[in-house]
Each structure stands twice: as structure tokens, then as C-alpha cells.
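The structure appears below as C-alpha cells.
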Number of protein chains: 2
Amino acid sequence: MTISKSKSQPASSKASITIVDIAKLAGVNPSTVSRALSGSSAVTAQTRARITDIAQENGYVANHNARMLRSRRANQILVIVPNIAAFSHPEVILGIEEALEEHNIGVIVGSTKDNEERELALARQLITGAADGLILLNGRLPSELGELPQYNRRIVAISRPVLSPGIAFIGIDNQQAAQEATLYFVSIGRKRILHMGGPEQSPIFAARAQGYRNAMRQAGLDGIIDLQHLPAFNMVAGRQAMRDILNRRQLPDAILCASDELAFGAIQVARELGISVPQQIAFIGFDNHPVGEAFSPPLTTISVPRRRMGFLGAQTLLQSIQDDRPISDFQLLPYEFLVRASCGGSSW
Amino acid sequence: MTISKSKSQPASSKASITIVDIAKLAGVNPSTVSRALSGSSAVTAQTRARITDIAQENGYVANHNARMLRSRRANQILVIVPNIAAFSHPEVILGIEEALEEHNIGVIVGSTKDNEERELALARQLITGAADGLILLNGRLPSELGELPQYNRRIVAISRPVLSPGIAFIGIDNQQAAQEATLYFVSIGRKRILHMGGPEQSPIFAARAQGYRNAMRQAGLDGIIDLQHLPAFNMVAGRQAMRDILNRRQLPDAILCASDELAFGAIQVARELGISVPQQIAFIGFDNHPVGEAFSPPLTTISVPRRRMGFLGAQTLLQSIQDDRPISDFQLLPYEFLVRASCGGSSW
DNA sequence: TTGAAAGCGATACCAA
DNA sequence: TTGGTATCGCTTTCAA
């Protein structure tokens, strides 16, 4: 089904007011109206004023589609996110909106649930010209676009890198962050450090796991590396994993969770089963979920500059489109290690 | 600035493949290609198959803008949210996407930060035909649309009602929910019940406050109604409000928070200042934030069927557009009262 | 500085 | 069932 009224007529009941109508009212040619309203310099201040007034009075707004068709420009950027309900993506989008706002470029968001078909459908928005550029938060280039490298200059990846070359990326160094967090555990005397990781195939979680491994090796603890990759990184997965862990004979004394949500779920279960946090098991999360600060105990975590990532990503994309050449470098932004009570740190 | 390359040429480097190209390749008329690809019945299965193949082989995708211009149909719905970073809106969007998916209608999301200008810019997407319909989660009709009642049939409000008549609404009965929650406090023996409300001008929070008042009156406690409207409903506001409350000589023994986030912040502060929850003060939140279950103590709350609201809202909109007549009724969906430890309920 | 006219790419009539 | 063609509303050359 498509949207349409029962009559096979065009959908808008009354043809809305067009540039021709304004031209007639102003007693000029449509092209003059076009120039006046789109800010061309080749028009007298006088005529522009008159036309602008008439347009305003009559509530004229340019037909977006006609404008796009003719000028081959959409003034819209499409953001592809895997799951709009995950708390982290919307904050990136906020940054993107901020960067594009002043340029009068709109943002549209498509959520894919990691469904390839949906990704493809959205990618077409770029090919068909409904969007001028693409920002990928899902870490995957829709297959069709992989075969059309001429679009690379119109694509930027944020947060999760895309493996395809020639596509700019803005994110943080997840490996280093995980390494730093693990070493912090070591520095406060924890040894049996477990890493509750996210899906292994995700570059982000792979990098975090690698950082954990590096740190353990660096601390001479490679003999007791204890790493598990979970199929998800939400609270449900964290609860399940924690139940399994608490069935062991020897418990870890510290857990580095690949996400704050994993940590929330895990700590909840630990608490329910009478484990004291951080005394018996210390926790560090990842992502700085807003509730982490109010959690009990407040969650130590890595703060990712999501808003800034979005802002820079959008700027990079604009630049890349304008110059018509890909900006392919990786921009790694600084993260912040927020020490709170969940790892026992100072108050221990 | 607008997006364009330095040369004043159209933005796409190579004119992409058009319907005319496919027509030539297939040895038919463009109109036949159009019919074949848009699923018109007036075309042989044979021809359709041939054309479809050729189109696929050549990676043809219809130009969205041209299609829209001619057919006056965008196959897109615009969702306006006040703040995409608030956890509740994305879940509604998920439901909307679900409902529209099978109809091959896309969803675009615009976040406004309650900025009227931004609302207006987005509303224009409807007027200019970039979107076929509008779903408002922000509880406010962009002013321009208020003067164009012919668009009412293309607008649906979810979650927050819009005051303008003729616009369908899907939500829950906030007043009743707040009333029920308050009476629950009464039923477990609490009397000095405070309501930490959200912004007064928001119909949602006004309704919740009214429900609280009704319940207090019903319980014969109208003498000690203790209601405050906060300027926001996030954790920061909750913390601030709680600090003020804890400075009083006599503390409330129960607090109904207008949002879970308010409750998170308030409970955090209470905990920090040595108040025991729920023994000294019991809490009930609103909205069923995903972290509420893992919070300490787990938060009693009202679960709002956000996903379902989105789904129904989108369906209603589709119907309204198709029939070309507004569906103006209010649909109030059932909510769920989730009793957890924060109000001391059973485990008390 | 303005006007005239040629498209942008697809769709939807009317004829055949 | 197909072909021819006008047209959607705007932008952008080219002339005046």
C-alpha cells in the first residue's frame, strides 16, 4: 500500500500556492521570484522586499521536492542508527543536529535494528538524492553503497568504524580506554579481573576486549585472563552473565563491563544474591549512562563525548561534501575516566 | 550555506541512471517502465519481469524527488519529538516504525528542543510535501499548522495531547494513573504524601498532579496536599527538589514523582543523606524507565505502553490520511502499575 | 537587473 | 496492454 486517497487524484486536495502565483501577484517573472527568495544577488533590494512580503502574506513555502529535483540538493542528512532506543545514539544525534542547524540542513533519522534490508532502503535515500549525505552509527556500510565508491565522500561513520576504506571516522580509542580501566583495577589491588564483553563481532567490543587483554598482560596477570563475549550489552545480558559467574567456586574480585547497562544488570543480581559491591566485587562500566551517577553504588565508567562526536562528524561530512573529496582520517577524541564508588576507589 | 560543490554544477557528479535509460534498454516507453516498477496491474507479467531485471542489473533506483513532485506523495511520515535524548520518545518511534514498515512508508524524526522555530521548519515538511503526515510527541501544534485546518487529517498526537480540535490523540489516562498510585500509598499506610511534579504548563504533568489531588481528597488527606511543580523532570531537578525537602522539619513519608528520572535523582540524594528508602520515605515513579528495575531499591512505577502508542498512532494516521477525514477521538490505552520495593509494598 | 524558456525525472492522462 | 506527451514546481541558463 502507498498513501493516497481513494480518488486517484494527487494527494493534496488543493494545489498549494506556487511560485507562479507569487510571480503574478508581484507582476514579475517566476524566475525573479525564485532569485529573490533564494537570496540571489542579481535582484534589486526593492523587488526582493516586495516579493518577500507578498510571499509571506500568502504563506508561500517552496515545494521541497521540486526544488530538490531541479537543484539536485536535498539539504538533508540521513543518520542511520541500529537502534534508536539505545540511550547512546540520540545524544550523538543531538550533536549532529547542532552542527547542521546553522547551515539550515535538516537531519532525518532511520533506525535499522541491524536489519540489512532496512539499511539498504535507507541507503537508497542517498542514491536517490533524498539525502545529501549519510552518517552511520551502525558500523556497517550498506552493501549497495560498498560498490559505489563515488559516494564515499558523502558518508561518515561515528562511534563504530566502518571497515570500508575512504570513509571518515570519529570516535574514541576503545582499546586504550578499556586498558586504562583494567589497569585502574590493578592499581587498587584487584587481580581476578573479569571482562564482561559485548558481541565479539562488533569492532567496538572487540577493541574493548583487546584493551582488557593488553592490560592483564602488562600487569603480569595474563594467566588469569577471564573474558566472555555476551550476545548483547543490555541489562538482561548482564543479569544472565552475572548469575553464571556467581555459580563459580571462585569469584572474580573485579568486573570490567563493556557497557553501563551490563553493569547495572550485573550489580543488581550481585546485590540480590548478597554480594557486596565494591567490597567483594568492584565494577567499572562503559559509556557513562545518565543513571550511573544515581545508581547504587554510583558507577565508575568511561565517559564518551557522544555529543561532540556527533558535532564533529557532521562537520566533517559537510566539509567532505563541499570539497568533493573524502576525508578519510580517523579522528579519535579524548574520553574521560570517571571514578565513582562502584570500584571502591578512594573511599575504599 | 547550503550543500553544494564549489562549481555551481548540480551536486551529483554523474547524472544517475533514469527511467528513460531503462526504457531504452528494454525497448519500451518510459511510462511502461514506470508502470512496471510501481506495480500497476496494467502491464504483462512478461514485460514487468524483463523491465524489473534490467532495472536491477543496472542498479536503477527511482529518483525520490521526481516521484514525489509528480505523484504528490512522499511515502514518509515525520515525527516531531521535543528531545530525542529523553529515553521515552525513541520507544514510541519504534512502534511507529513497526506500523509503517509493512506499508513501505519511511519515518523521519525531527527533534525540536521545544524551539518554536524548529517546530515551524519541520511543520513545513508537511506543507511542502516532503512528508505525508505528522506525528507530534511534543504536545504542541506548530502555529502555522493551526491556521491550516485542512492538514488536521494528516496529524496525530501521541503521548502529549494537542489542544487544537480535530487532531487524533493516543495516550494514557495520566490523571487516573497518578490517582491510583497515590491511593496505593494510602493503602499501605502512608499519609504525608508529597507529589514531585513536572512542569505545570505541560498537560501531562498537570494531569498527573490533578490525579494526586483527587486521590488525596478522596482519602480525606486534602488538608496536607503537598504539591510542587518543578521546571524539569530529569535527575538534576529531582536532586535539587529532594535537597529542599530534606531541609524541612517534618519529612513526607511518601513521594510520588512525576517521572522515574525525578525519582532516581531524589532517591540518590535521600540515600546520600542517610534517609532509608522505603522505610522512612517511600517512592513511586512514572514511565517505567528501563533502569528502574535494577535501581536500589527497585522503583515502583507506572508502565506506559509507549511502543503500542506509537504503533496505534501510526495506524490511526494512515487511516485518517487514506479516508481523508480526521479521526479525532482520544484513544486512552491501559497502563500498568508496577509495584516494586521502593514503596515498601509487599516486602514491608 | 529581469524575462523567456528549457529542463530535472517521474507519473498519469489520453489514444491507439 | 502499451506509447506519446503534458505536467508537477522550481532553478538556471541565455537573451534582452
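For the reader, a short list of remarks on this structure follows.
- Test: residue in segment A:202-219 that is outside any loop (DSSP other than H, G, I, E, B), over 22 Å from the mean Cα position of the chain (by Cα) and either within 22 Å of A:Phe87 (Cβ to Cβ) or at pLDDT below 95 (or both): no
- All of (1) within 20 Å of A:Asn174 (Cα to Cα); (2) free of Cβ contacts under 8 Å to residues at least 24 places away in the same chain hold for A:Ser276 with one exception: (1).
- Of all residues in segment A:114-131, those satisfying the criterion of being in a loop (DSSP other than H, G, I, E, B) and open to solvent by 10 Å² or more (accessible area, probe 1.4 Å) are A:Asp114, A:Asn115, A:Thr128, A:Gly129.
- For the residues B:Asn65, B:Asn83, the requirement of being in a helix (DSSP H, G or I) and either within 30 Å of B:Asp260 (Cα to Cα) or within 13 Å of DNA strand D (Cβ to nearest atom) (or both) singles out B:Asn65.
- For A:Gln176: the one exception among (1) farther than 25 Å from B:Glu293 by Cα; (2) not in a helix (DSSP H, G or I): (2)
- Candidate set from segment B:289-319 (those that are out of contact with any helix residue (DSSP H, G or I) (no Cβ under 7 Å at 6 or more places or on another chain) and among the polar types (S, T, N, Q)); member that is nearest to A:Met242 (Cα to Cα): B:Ser303
- Of all residues in segment B:78-93, those satisfying the criterion of being touching a strand residue (DSSP E or B) at 6+ places or on another chain (Cβ under 7 Å) and closer than 22 Å to B:Ile172 by Cβ are B:Val79, B:Ile80, B:Val81, B:Asn83, B:Ile84, B:His89, B:Val92, B:Ile93.
- Tabulated pairs, segment B:151-170, first at positive phi, second among the charged types (D, E, K, R) and at pLDDT 95 or above, C-beta under 8 angstrom, 6+ apart or interchain: B:Ser159/B:Arg306
- Residue within segment B:255-262 that is of a type in the set (Val, Ile, Thr), open to solvent by less than 10 Å² (accessible area, probe 1.4 Å) and in the same structural domain as B:Glu180 (by TED's automatic domain parsing) present: yes
- Within segment B:23-62, restricting attention to residues that are farther than 30 Å from B:Gln125 by Cβ and in a loop (DSSP other than H, G, I, E, B), the residue that is modelled with the lowest pLDDT is B:Ser41.
- Summed over segment A:289-304, the residues that are in contact with a Lys or Arg (Cβ under 9 Å, 6 or more places away or on another chain), within 13 Å of chain B (Cβ to nearest Cβ) and not hydrophobic (A, V, I, L, M, F, W, C) give a count of 5.
- Matching residues, segment B:231-254, being farther than 14 Å from A:Ala294 by Cβ, aliphatic (A, V, I, L, M) and open to solvent by 20 Å² or more (accessible area, probe 1.4 Å): B:Ala232, B:Leu246, B:Leu251
- Failed criterion for B:Ser111 (all others in (1) free of Cβ contacts under 8 Å to residues at least 40 places away in the same chain; (2) touching a Pro at 6+ places or on another chain (Cβ under 8 Å); (3) open to solvent by 10 Å² or more (accessible area, probe 1.4 Å) hold): (3)
- Considering residues of segment A:71-99 that are of a type in the set (S, T, N, Q) and more than 8 Å from chain B (Cβ to nearest Cβ) only, the residue most open to solvent (accessible area, probe 1.4 Å): A:Asn83
- Any hit, segment B:144-157, residues being within 16 Å of DNA strand C (Cβ to nearest atom), under 20 Å from A:Asn63 (Cα atoms) and assigned to a loop (DSSP other than H, G, I, E, B): no
- Selection count, segment A:46-70, where residues are open to solvent by 30 Å² or more (accessible area, probe 1.4 Å) and more than 8 Å from DNA strand C (Cβ to nearest atom): 12
- Residues that are open to solvent by 60 Å² or more (accessible area, probe 1.4 Å) and within 6 Å of DNA strand C (Cβ to nearest atom), drawn from segment A:24-45: A:Asn29, A:Ala42, A:Thr44
The values are calculated or read from the model by the stated rules, or taken from the named source; none is laboratory data. Note that this is a predicted model, so its numbers are computed, not measured. Cβ atoms come from the backbone with ideal geometry, glycine included; neighbour counts cover every protein chain shown. Please note that ligands, DNA and RNA were not included when accessible areas were found on the heavy atoms of the full protein model with its side chains. Shrake-Rupley method; radii C 1.70, N 1.55, O 1.52, S 1.80 Å.
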